[in-house]
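Notes follow the structure.
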Amino acid sequence: MSLLTMSAQLAEGFLITVEIFVLTLLFSLPLGLIVAFGRMSGCKVIRIISKIYISIMRGTPLMLQIIVVYFAPFYVFRMHVGTGYRFPAVIVAFVINYAAYFAEIYRAGIESIPVGQYEAAQVLGYSKAQTFVKIIMPQVVKRVLPPVTNETITLVKDTSMAFTISIAEMFTVAKQIGAAQTSVVPLLAAGVFYYIFNLVVASFMEYLEKKTSYYR
């Protein structure tokens, strides 16, 4: 196999990797905020449910969660799902997993804001929603960006977990090519792809951190 052909196949796998990455962030970031609100809710039932959800998602391997999401429809509901369900199952597993981590990051950021700021906003006539959106949220964004960046970088590498249910993302493609050619070159090439992808993500997140430095 020529270098050009190998690069083309890895590029196809890389597109799947990017899809998993983008869709996971698109859904897990807002879901994490909802779970964080549930974790801080005044309702004890909602608070306990959110806490249990976070505990399970953070306490079990992502690989196991992918397998459960994929096979649960059959073993629990006896629903026959085809291979077309593999990709949605991966996205669902990644989203619910990362939402739990983002929820705890958000919660820590929100709870780090001094209570006095809420009281001052109330004195100034701000509603709770206005206080959160205009005063609290900008500060929270600044504080949570570093840990969110760490999770985002981890997500780039975790996309390789999709191989668990035979999704042909970049790592899976590299393994297949490497096994067929009995060569480590495809894996090294995949490593370069991952490194460049992570470098781009880290640079973008660093740019966001600098843009929000106004809220120190």
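The values are calculated or read from the model by the stated rules, or taken from the named source; none is laboratory data. This structure is a prediction, so every number in the text was calculated from the model and none was measured. Positions of Cβ are generated from backbone atoms using ideal geometry, with glycine treated the same way; all protein chains shown enter the neighbour counts. Accessible surface is based on the protein model in full, side chains and every heavy atom, while ligands, DNA and RNA are left aside. Shrake-Rupley method; radii C 1.70, N 1.55, O 1.52, S 1.80 Å.
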Matching option when the condition is open to solvent by less than 80 Å² (accessible area, probe 1.4 Å) and under 24 Å from E151 (Cα atoms), among Y85, Y70: Y70
Contacts under 6 angstrom Cβ, first residue in region 45-74 being of a type in the set (K, R), partner in a helix (DSSP H, G or I) and open to solvent by less than 80 Å² (accessible area, probe 1.4 Å), 6 or more apart: R58/A100
If you take the residues in region 149-163 that are touching a residue at least 40 places away in the same chain (Cβ under 8 Å) and either open to solvent by 50 Å² or more (accessible area, probe 1.4 Å) or touching a strand residue (DSSP E or B) at 6+ places or on another chain (Cβ under 7 Å) (or both), which one is nearest to Y207 (Cα to Cα)? K157
What is the one condition in (1) closer than 29 Å to L145 by Cα; (2) open to solvent by less than 80 Å² (accessible area, probe 1.4 Å) that L15 does not satisfy? (2)
Residue that is least open to solvent (accessible area, probe 1.4 Å) [pool: residues in region 166-180 that are of a type in the set (S, T, N, Q) and in a helix (DSSP H, G or I)]: T172
For region 100-113, check the following and say yes or no: at least one residue is open to solvent by 50 Å² or more (accessible area, probe 1.4 Å), within 30 Å of A189 (Cβ to Cβ) and of a type in the set (S, T, Y). yes
Within region 130-148, is there a residue that is open to solvent by less than 50 Å² (accessible area, probe 1.4 Å), among the aromatic types (F, W, Y) and more than 21 Å from the chain's Cα centre (by Cα)? yes
How about region 18-49: which of its residues are open to solvent by less than 40 Å² (accessible area, probe 1.4 Å) and either out of contact with any helix residue (DSSP H, G or I) (no Cβ under 9 Å at 6 or more places or on another chain) or of a type in the set (S, T, N, Q) (or both)? T24, S28, S41
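Can you pull out every residue in region 181-195 that is aliphatic (A, V, I, L, M) and open to solvent by less than 90 Å² (accessible area, probe 1.4 Å)?
Passing the criteria: V184, V185, L187, A189, A190, V192.
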Odd one out for G125, checked against (1) of a type outside the set (A, V, I, L, M, F, W, C); (2) buried (at least 18 other Cβ atoms within 10 Å of the Cβ); (3) free of Cβ contacts under 8 Å to residues at least 24 places away in the same chain: (2)
